[in-house]
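Notes to accompany the following structure.
The values are calculated or read from the model by the stated rules, or taken from the named source; none is laboratory data. In this text, all values refer to a predicted model and were calculated from it rather than measured experimentally. Note: ideal-geometry Cβ built from the backbone for every residue, glycine included; neighbour counts use all protein chains shown. Accessible surface areas use protein heavy atoms only, side chains included; no ligands, DNA or RNA. Shrake-Rupley method; radii C 1.70, N 1.55, O 1.52, S 1.80 Å.
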Amino acid sequence: RSCARELGKAGYTVVISGRRETILAEARDDLAADEIDVHALAVDVADAAAVATAAVRILDDFGRLDLLVCSAGLNAPNRYWRDLTPEAFARVSAVNLNGVAFCVAAVLPAMREAGAGTIVVVSSWAGWRYTGFTGAAYGATKFGLAPLVESINDQEGRNGIRATLLCPGEVATPILKSRPKPPPDEDIARMLVPEDVAAALMFVVSMPPHACINELVISPAWNRIYSGADD
């Protein structure tokens with residue numbers, strides 16, 4: 001939502017998506033109240049056919065598709081091998097890795113035809129350096145995004161398409177509550193906030209078209225991954 005807000009302020013027409021239609025509608029109304037040109041389209045990124053249909057609809061409605069931001073992600077509450085089930089691993093993979101691939105595949109033809117396009121894939125510090133506390137499924141899927149993004153730049157850069165792997169450290173969002181042991185409130189207060197990630201996104205998309213930020217890592221200055229914490 002923070003990324004959508006900043007993009008809208010910069011003049012983009014923004015289409016937000018997600019699985020939960022009630023929350024999606026709330027987000028749309030919140031952004032519209034800030035005079036953002038925002039549209040909502042319910043999509044489960046783990047459903048390749050639904051993603052392809054959404055891309056066609058966006059192109060039919062607006063005639064172009066300049067920017068894709070892949071920010072859907074989830075983790076398994078029981079994320080360590082002693083508790084991790086194959087079903088939970090598959091569910092995380094379906095969204096964190098397959099979902100990105102489906103979205104990229106859906107937008108590339110239009111970007112290729114236009115000769116321009118920007119793709120920002122929100123990964124994680126856990127996709128840049130190994131972090132045990134995020135668990136096997138989350139780490140494996142986030143690490144998988146690095147070659148995915150690099151392959152876009154390798155194969156599509158000559159077509160005017162650029163991609164960025166955006167790797168945030170800990171961000172104070174509701175997903176923290178899904179951890180086996182959620183961080184204490186005093187630690188959360190010192191983390192990044194969503195607006196920080198949105199600012200990083202805007203730096204990426206504001207670069208001139210011939211420039212590609214291949215990878216961007218952002219973290220709290222007081223970084224628990226370095227200093228350690230009980231959880």
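In the set Leu97, Leu108, only one residue is buried (at least 17 other Cβ atoms within 10 Å of the Cβ), more than 25 Å from Ala211 (Cα to Cα) and either in contact (Cβ under 8 Å) with a residue 24 or more places away in the chain or within 20 Å of the chain's Cα centre (by Cα) (or both); that residue is Leu97.
Please work out which residue is most open to solvent (accessible area, probe 1.4 Å), limiting yourself to region 212-231 and to residues that are in a helix (DSSP H, G or I) and not basic (Lys, Arg).
The selected residue is Tyr226.
Selection within region 169-192: residues that are touching a residue at least 60 places away in the same chain (Cβ under 8 Å) and in a loop (DSSP other than H, G, I, E, B). The member of this set that is most open to solvent (accessible area, probe 1.4 Å) is Pro180.
Evaluate region 81-89: report whether one residue or more is in a helix (DSSP H, G or I) and surrounded by 17 or more Cβ atoms within 10 Å (Cβ to Cβ).
Filtering region 81-89 for residues in a helix (DSSP H, G or I) gives 86-89.
Subsequent filtering for residues that are surrounded by 17 or more Cβ atoms within 10 Å (Cβ to Cβ) retains 88-89.
Within region 81-89, one or more residues are in a helix (DSSP H, G or I) and surrounded by 17 or more Cβ atoms within 10 Å (Cβ to Cβ).
Only one of the listed residues (Leu166, Leu201) is under 13 Å from the mean Cα position of the chain (by Cα), under 21 Å from Arg5 (Cβ atoms), touching a residue at least 40 places away in the same chain (Cβ under 8 Å) and not in a helix (DSSP H, G or I). That residue is Leu166. Among the residues of region 200-211, those that are surrounded by fewer than 16 Cβ atoms within 10 Å (Cβ to Cβ) and either modelled with pLDDT under 95 or of a type outside the set (Phe, Trp, Tyr) (or both) comprise Met202, Ser206, Met207, Pro208, Pro209, His210, Ala211.
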